[in-house]
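See structure below.
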Amino acid sequence: MNTFLKNMSKYLYYILLILKTQENVFLCKRLNVEIVNTHSFSKTLKIGHGGRPDSLYRNVNSLHFLNINSINISINFTILYINLNFLCLIIYCLYLINIKIHTDKLNLHYDKVQALKDVSLDIESNKITALIGPSGCGKSTYLRTINRMNDLIQGVKIKGTVKIDGIDIYGKGIDVVKLRRRVGMVFQKSNAFPKSVFDNVAYGPKINGIKNKNRLTEIVETSLQRAAIWNEVKDRLNEFAFSLSGGQQQRLCIARALAVNPEIILMDEPASALDPISTAKIEELIFELKKSITIVIVTHNLQQAARVSDFCAFFLMGELIELGASKQIFTAPKDERTQNYITGRFG
Ligand SMILES: Nc1ncnc2c1ncn2[C@@H]1O[C@H](COP(=O)(O)OP(=O)(O)OP(=O)(O)O)[C@@H](O)[C@H]1O
Ligand SMILES: [Mg+2]
């Protein structure tokens, strides 16, 4: 839908440009006619004074007619132009409303290594966007720019814009802790804390100042349910998190991220270390979560990207090569390099 809106406003903008040019061409032509006519009019005027008032009258009339006509058409052009301009603006606003994360000309250097090159990418609200590409192409780096996790790495230089809901997250006055609360992250290797299952999930809400035991219990239960692990752990809430299986620990980490009600969840290969059953559970869960959360997922598993994502972005050597609806990327990619990657010719 969003791509449709973006294209609509783009094409409408082109139509406007053509229209403006047409209007100018039209006016120039009219002006020529008028000049010619004025010339013949003045000639006639001279002759007319010689005793042919009827021809003078005819010429004045036709000149008058031409002028009215020019003005009318020109006004019509302008009215159409303004209306289309307005329509273009409305469509573009609708498009912007649907954009959760907007990145523009993003460049990132780790000292001398440039990991991202002019990446411009818009990520839609409540959709799953998959980032794919060969190892070292900048997927994780891009992901980390969305919640400013790269800030924690020494020697990182970032240029460009990253906006969430239209606000520049690298701008002045941005509270990074608040930002990371809004933008949760799940890593490739589950990173459960050395605490009980309950305390893992209650950790974020406690830090946010929630102390009431009943409220905490409620949040822990809801988060574990949303992460599709409640039934497996409801009788093990006081057990050490490390006693859970790898797949369960990963879903526990997702529950922990959900407990602070994030608007966006970034997932860096969340299922790459899991068996097919746990992977399927994570995929189902991701699908369920997108009703209320925007999800950006990095994966090397192209089948998984095709299965779960709405949009897919292909990265290569720090550049965004192609972004499109996943169906289009996996069936009819526009760029030859995307085609080569998805058909396994490199990477
Ligand atoms: N902390 C760091 N310090 C220096 N260079 C780094 C750091 N992290 C990543 N890089 C470099 O930045 C580039 C992009 O790395 P990144 O981890 O974003 O790739 P990736 O696409 O996630 O790869 P993979 O699929 O293997 O996880 C690589 O050349 C990598 O060596
Ligand atoms: Mg990575």
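The values are calculated or read from the model by the stated rules, or taken from the named source; none is laboratory data. Nothing here was measured: the structure is a model prediction, and the numbers come from that model. A quick note on method: Cβ atoms are made from the backbone with ideal geometry, for glycine too, and the neighbour counts reach across all protein chains shown.
Can you name the residue in segment 256-266 that is more than 16 Å from ligand 2 (Cβ to nearest atom) and farther than 17 Å from Ala192 by Cβ and, of all such residues, is nearest to the chain's Cα centre (by Cα)?
Per the criteria, the residue is Ile264.
Check off (1) of a type outside the set (Asp, Glu); (2) touching a helix residue (DSSP H, G or I) at 6+ places or on another chain (Cβ under 9 Å); (3) surrounded by fewer than 22 Cβ atoms within 10 Å (Cβ to Cβ) for Ser223 and give me the number that stays unchecked.
Here Ser223 meets the rest and fails (3).
Among the candidates Val308, Val298, single out the residue that is within 16 Å of ligand 1 (Cβ to nearest atom) and assigned by TED's automatic domain parsing to the domain that holds Tyr110.
On the way: Val308 fails: within 16 Å of ligand 1 (Cβ to nearest atom).
From the options Val308, Val298, the qualifying one is Val298.
Take Ala271 and decide whether it is within 16 Å of ligand 1 (Cβ to nearest atom) and either surrounded by fewer than 23 Cβ atoms within 10 Å (Cβ to Cβ) or free of Cβ contacts under 8 Å to residues at least 40 places away in the same chain (or both). Even if it seems obvious, please write down each step before you answer.
Values: within 16 Å of ligand 1 (Cβ to nearest atom): yes; either surrounded by fewer than 23 Cβ atoms within 10 Å (Cβ to Cβ) or free of Cβ contacts under 8 Å to residues at least 40 places away in the same chain (or both): yes.
The answer is yes for Ala271.
For the condition closer than 21 Å to Asp151 by Cα and within 13 Å of ligand 1 (Cβ to nearest atom), what is the one hit in Asp111, Asp118? Quick ask: steps written out before the conclusion?
On the way: Asp118 fails: within 13 Å of ligand 1 (Cβ to nearest atom).
When all the criteria are applied, what remains is Asp111.
Mind checking which residues of segment 225-270 are among the polar types (S, T, N, Q) and part of a loop (DSSP other than H, G, I, E, B)? Can you show your working first?
So in segment 225-270, the residues among the polar types (S, T, N, Q) come out as 225, 231, 238, 243, 245, 248-250, 261.
Correct list: Asn238, Ser245, Asn261.
Test Ile73 against the criterion of being modelled with pLDDT of 60 or more and either of a type outside the set (D, E, K, R) or closer than 26 Å to Asn126 by Cα (or both), and give yes or no.
On the way: modelled with pLDDT of 60 or more: yes; either of a type outside the set (D, E, K, R) or closer than 26 Å to Asn126 by Cα (or both): yes.
Taking the combined requirement at face value, the residue satisfies it.
For segment 133-190, which positions are charged (D, E, K, R) and within 10 Å of ligand 1 (Cβ to nearest atom)?
Lys139, Arg144
Given the condition within 16 Å of ligand 1 (Cβ to nearest atom) and in contact (Cβ under 8 Å) with a residue 60 or more places away in the chain, answer yes or no: does some residue in segment 192-206 qualify? Before you say what the answer is, go through the steps one by one.
Going through segment 192-206, the residues within 16 Å of ligand 1 (Cβ to nearest atom) turn out to be none.
Among the residues of segment 192-206, not one is within 16 Å of ligand 1 (Cβ to nearest atom) and in contact (Cβ under 8 Å) with a residue 60 or more places away in the chain, which makes the answer no.
Conditions (1) surrounded by fewer than 17 Cβ atoms within 10 Å (Cβ to Cβ); (2) touching a residue at least 24 places away in the same chain (Cβ under 8 Å); (3) more than 9 Å from ligand 2 (Cβ to nearest atom), marked per residue:
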position: Asp118; (1), (2), (3): yes, yes, yes
position: Asp122; (1), (2), (3): no, yes, yes
position: Lys127; (1), (2), (3): no, yes, yes
position: Gly133; (1), (2), (3): no, yes, yes
position: Gly138; (1), (2), (3): no, yes, no
position: Leu143; (1), (2), (3): no, yes, no
position: Met149; (1), (2), (3): no, yes, yes
position: Ile153; (1), (2), (3): yes, yes, yes
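Return yes when Ile229 is away from ligand 1 (no atom under 16 Å from the Cβ), of a type outside the set (S, T, N, Q), assigned by TED's automatic domain parsing to the domain that holds Lys189 and touching a residue at least 12 places away in the same chain (Cβ under 8 Å) and no when it is not.
Yes.
Going through segment 276-331 one residue at a time, which ones are farther than 18 Å from Thr141 by Cα and free of Cβ contacts under 8 Å to residues at least 24 places away in the same chain?
The answer is Pro276, Ala280, Gln303, Lys327, Gln328, Ile329, Thr331.
Please work out if Ala241 is free of Cβ contacts under 8 Å to residues at least 60 places away in the same chain and within 16 Å of ligand 2 (Cβ to nearest atom).
On the way: free of Cβ contacts under 8 Å to residues at least 60 places away in the same chain: yes; within 16 Å of ligand 2 (Cβ to nearest atom): no.
Criteria not met by Ala241.
I need the full set of residues from segment 267-290 which are within 13 Å of Ser125 (Cα to Cα) and under 17 Å from the mean Cα position of the chain (by Cα), in order please. Quick ask: steps written out before the conclusion?
In the first step, residues of segment 267-290 are kept if they are within 13 Å of Ser125 (Cα to Cα); the result is 289-290.
Matches in segment 267-290: Lys290 only.
Just name the residue that is surrounded by the fewest Cβ atoms within 10 Å (Cβ to Cβ) out of those in segment 183-202 that are modelled with pLDDT under 95 and outside any loop (DSSP other than H, G, I, E, B).
Met185
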